[in-house]
Amino acid sequence: MPVWQWILITVIILVVVAVAILALSMNRRRKSEGLQHRFGPEYQRTVSETGDTRAAEKQLADREHERAKLDIVELSAESAQAYADRWRSVQTAFVDTPSRAVGDADRLVADVMNERGYPVDDFEKRAADISVDHPTVVENYRAGHAIQLAQKYGDVGTEAQRQALVHYRALFEKLLNQNSDQQTPQHTGTNREANS
């Protein structure tokens, strides 16, 4: 075989390898962009927490896989109304007993999640599952829960308790509206008053 044919075969092999590498790179970038779009601020939080983009993306993809196994159901109109009534009671109770209202809000959100089909045994698992459907408010849930835990172990001011209620409400509204963040405008509700 002449030398020019060997050179041509080598060039063809190099081109095929380069195209394959380019395709893999584009696929990876497309996957990363998809996760960034789907998870929004939760993507950046996970990258910061893990310190590694690939590890974070694997964790987020695993969350999606685990969430897909869950049978999340819509609330009946009666159930949604009953929860909305309970929420109004929690907000009203805040005036007289803010710490109790924060604990009640935490339990109410867990009750709604449970009825919808989310596992509620472990907080981190709950937050991970919620992050798939409601990535724009999962941080609110974490913040509200952190304040609720802090008040168990020390004195938390009324402003922090009010903020916890606002955080819980952001997720509560998403759960009651039964829409994922991908279907509704992004809104965290952190600037609204707890007792509105």
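The values are calculated or read from the model by the stated rules, or taken from the named source; none is laboratory data. On a predicted model such as this, the values are computed, not experimentally measured, just so you know. As a convention, Cβ positions derive from the backbone with ideal geometry for all residues, glycine included, and neighbour counts pool all protein chains shown.
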> Taking only pairs six or more apart or across chains, which ones have beta-carbon atoms under 7 Å, a first residue in the stretch 132-145 that is outside the structural domain of Gly40 (by TED's automatic domain parsing), and a second residue that is among the aromatic types (Phe, Trp, Tyr)?
Replying inline: Pro135/Phe39; Gly144/Tyr168; His145/Phe123
> Are any of the residues in the stretch 61-80 part of a helix (DSSP H, G or I), in contact with an Asp or Glu (Cβ under 8 Å, 6 or more places away or on another chain) and either under 18 Å from Gly144 (Cα atoms) or aromatic (Phe, Trp, Tyr) (or both)?
Replying inline: no
> Quick one: in the stretch 106-124, which of the residues that are within 18 Å of Arg63 (Cα to Cα) and surrounded by 14 or more Cβ atoms within 10 Å (Cβ to Cβ) is modelled with the lowest pLDDT?
Replying inline: Val120
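Could you please find all residues in the stretch 100-148 being over 27 Å from Glu159 (Cβ atoms) and among the aromatic types (Phe, Trp, Tyr)?
The one that is over 27 Å from Glu159 (Cβ atoms) and among the aromatic types (Phe, Trp, Tyr): Tyr118.
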> Just for the stretch 122-161: of the residues that are in a helix (DSSP H, G or I), among the β-branched types (Val, Ile, Thr) and over 11 Å from the mean Cα position of the chain (by Cα), which one is farthest from Pro98 (Cα to Cα)?
Replying inline: Ile147
> Scanning for something exposed (fewer than 13 other Cβ atoms within 10 Å of the Cβ) and either out of contact with any helix residue (DSSP H, G or I) (no Cβ under 7 Å at 6 or more places or on another chain) or not assigned by TED's automatic domain parsing to the domain that holds Tyr168 (or both), does the stretch 97-105 turn up at least one residue?
Replying inline: yes
> How many residues are touching a residue at least 60 places away in the same chain (Cβ under 8 Å) and among the aliphatic types (A, V, I, L, M) when one looks only at the stretch 72-102?
Replying inline: 8
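Kindly evaluate Ala61 against the criterion of being aliphatic (A, V, I, L, M) and over 15 Å from Ala128 (Cα atoms).
no
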> Is there any pair linking a residue in the stretch 26-39 that is outside the structural domain of Val138 (by TED's automatic domain parsing) to one that is assigned to a helix (DSSP H, G or I) and not small (Gly, Ala, Ser), with Cβ under 7 Å and at least six apart or on different chains, and which?
Replying inline: Ser32/Glu57; Leu35/Tyr43; Leu35/Glu57; Leu35/Leu60; Gln36/Tyr43; Phe39/Leu60
